[in-house]
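The next block holds one structure in the form of structure tokens; read it before the comments.
The values are calculated or read from the model by the stated rules, or taken from the named source; none is laboratory data. Because the structure is predicted, anything quoted here is derived from the model rather than measured. Note that we place each Cβ from the backbone using ideal geometry, even for glycine, and neighbour counts take in every protein chain shown. For the accessible areas, the whole protein counts, side chains as well, though only heavy atoms, and no ligand, DNA or RNA atoms are used. Shrake-Rupley method; radii C 1.70, N 1.55, O 1.52, S 1.80 Å.
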Amino acid sequence: MKIINIAVIAHVDAGKSTLVDAFLTQSGVFRDNETVVDCVMDNNSIERERGITIYSKNCSIRYKDYKINIVDTPGHSDFSSEVERVIKTVDTVILLVDCVEGPMPQTRFVLQKSLELGLKPILVINKIDKPNNRAEEVVDMTFDLFVELNATDEQCDFPILYGISREGIVQYELDEVSNNIEPLLETIVKQVGEYKKYDESPLQMQISALAYDDYIGRLGIGRVYKGIIREGMQIQIADNKGNLRMGKVSRLMSYEGLKQVPQTAVTSGDIAVISGIADISIGETIGEIGKVTPMEPIHIEEPTLTMNFLVNDSPFAGLSGKFVTTRHIKERLEKELEVNVGLKVTPMETTDGYTVSGRGELHLSILIENMRREGYELGVSKPQVIMRKDVGGRLLEPVERVIITLPEMYAGTVINKLNMRKAEMQSMEPDNGYMKIEYLCPTRALLGFRSELITDSRGEATLVRRVEGYTPFVGELPKRQNGALIAGEQGVTVAYALNSLESRGTLFVEPAVNVYEGMIIGANARREDMTVNPCKTKKLTNTRASGSDDSVKLTPPRVFSLEEALEFIEQDELVEITPERIRLRKRHLTEQDRKRAFRS
């Protein structure tokens, strides 16, 4: 079979996974009587719930006499290290751009990486069935982006197609009628052609992704650039520093449809999955003994955020989780490091816990959510940005490009808040009653900003962000405006007590909830923290008055998602993660301990 490798790249929600669905469905991968779910490649439960792709995944289809390996990539910037690696293994990329939004920050990033590697992208303007379609304008915007990213003349002469990936339609012209994705398949074959065979050359394969199997251990996934790799073959591995070591391929697989199929040999151009090398890592080159030609190492983006994973020491520890000790947390983080190369873990010196660094809030919160569902309990601190120093010793901090779209009436409030957070406006343009504003903002200033933005815009704003680079340290930033309402004793919340506390601020708990001393049960309307008693009951007397015993009507409490909880807490607070509940708490539970810590 002739082999072509392609990757589908785009911003979040541009339609990558639905386009891959169309590839698989129309190439006959599924049986006629098989039930097929939408976004079939997003097989992780969190991916399905959130509607985003988190991990890049491989599949393959057959078209005429071609085998086309397809990589579905994440669109969120926190998982951009996944995209960087896989782009090295493909012959071309399909750049998907929404016909209304146009190129977004992540579009710029993934396109830049593919242009640097000399790939010639295929542009697909997606969702052309939208009523406010502006496809022709988006094509011009994308061309401007190519020029801005220093694309060559050959790269700027990219094919342009139009599609509705949800319906499995791609067409050559905007006003054309099509009922399948064959125009895209024909364009891929014409643009790329088959991978030139190097089967007679010595083996050269580079690992671009990792996976883990509970039975056979760590799996290395990568492209065979030259030669043939065989099952049971003795090999030599060159690491990223050029050091050599021996190994053996115990199992060999390649992709057929959605499955990894065992193979006796995989030829040049194809993507292979190998097992048997326990310490295989990203960027390492595999070759025949004495004939290894190391390839250029794959650079992994450095983490930008760090947080502490601590043993849960609250009074409710161990009530719902199965894994609660330092050893359990250590083993789980070591398992995550097997496949999550964008993560860094170091033990803490002072307490039972680990400092975990990642690419962003979502990157770390996905790990925490997975651990929670697996039965782990832990306490998590507020995320901190990772600072750097330049050659002259100046302190640098990460800065992000932020694009916010919101109704014009709320723009003034949001602009004011971003200015207070020392962000720099890049552009502002009106769009049919909405305002699109673009800022460069320190990552530190964005911690906790999303929840404020949702409140200020009555839930109508959208926020898109990605790490742009580093900027000189901008100094102190404003902190959370509200203090915390802290439970002063352990017990069960009572509607009577909560009713009297509603005037103090916003509550996070409803009646009949178990609370403990030091647990945060609400946000104070004022800046300072306040210790309250949510378990106070009404004193019983024999005196009755008209209306005094009416039923209590409470405002529904504010319920935090994991990301919102991490954004809300301050330095002296923790998020308590358990399989059943996510609680907010003070680091020091008793008021006396908090005063002592404040004095020190």
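Within the range 388-435, the set of residues being part of a loop (DSSP other than H, G, I, E, B), open to solvent by 50 Å² or more (accessible area, probe 1.4 Å) and among the basic types (Lys, Arg) comprises 394, 422. Among the residues making up the range 350-387, those that are among the charged types (D, E, K, R) and either under 15 Å from residue 566 (Cβ atoms) or part of a loop (DSSP other than H, G, I, E, B) (or both) are 352, 359, 361, 369, 372, 374, 377, 382. Within the range 222-265, the residues that satisfy the criterion of being under 34 Å from the mean Cα position of the chain (by Cα) and acidic (Asp, Glu) are 239, 256.
Which residues, taken from the range 206-227, are part of a loop (DSSP other than H, G, I, E, B), touching a strand residue (DSSP E or B) at 6+ places or on another chain (Cβ under 9 Å) and open to solvent by 40 Å² or more (accessible area, probe 1.4 Å)? Passing the criteria: only 216.
Scanning the range 553-600 for residues that are touching a Ser or Thr at 6+ places or on another chain (Cβ under 7 Å), farther than 19 Å from residue 370 by Cβ and surrounded by fewer than 12 Cβ atoms within 10 Å (Cβ to Cβ) returns no hits.
Taking the range 251-283 as the range and being open to solvent by 60 Å² or more (accessible area, probe 1.4 Å) and either basic (Lys, Arg) or part of a loop (DSSP other than H, G, I, E, B) (or both) as the test, the residues that pass are 251, 258, 259, 264, 278, 279. Applying the condition of being among the charged types (D, E, K, R) and in contact with a helix residue (DSSP H, G or I) (Cβ under 6 Å, 6 or more places away or on another chain) to the range 344-360 and asking which residue is surrounded by the fewest Cβ atoms within 10 Å (Cβ to Cβ) yields 352.
Could you identify the single residue in 522, 518, 547 that is at pLDDT below 75 and either among the charged types (D, E, K, R) or open to solvent by less than 60 Å² (accessible area, probe 1.4 Å) (or both)? Quick ask: steps written out before the conclusion?
On the way: 522 fails: at pLDDT below 75; 518 fails: at pLDDT below 75.
That would be 547, the only listed residue that is at pLDDT below 75 and either among the charged types (D, E, K, R) or open to solvent by less than 60 Å² (accessible area, probe 1.4 Å) (or both).
Candidates in the range 65-112 are the residues that are among the acidic types (Asp, Glu) and at pLDDT 75 or above; of these, the one that is surrounded by the fewest Cβ atoms within 10 Å (Cβ to Cβ) is 65.
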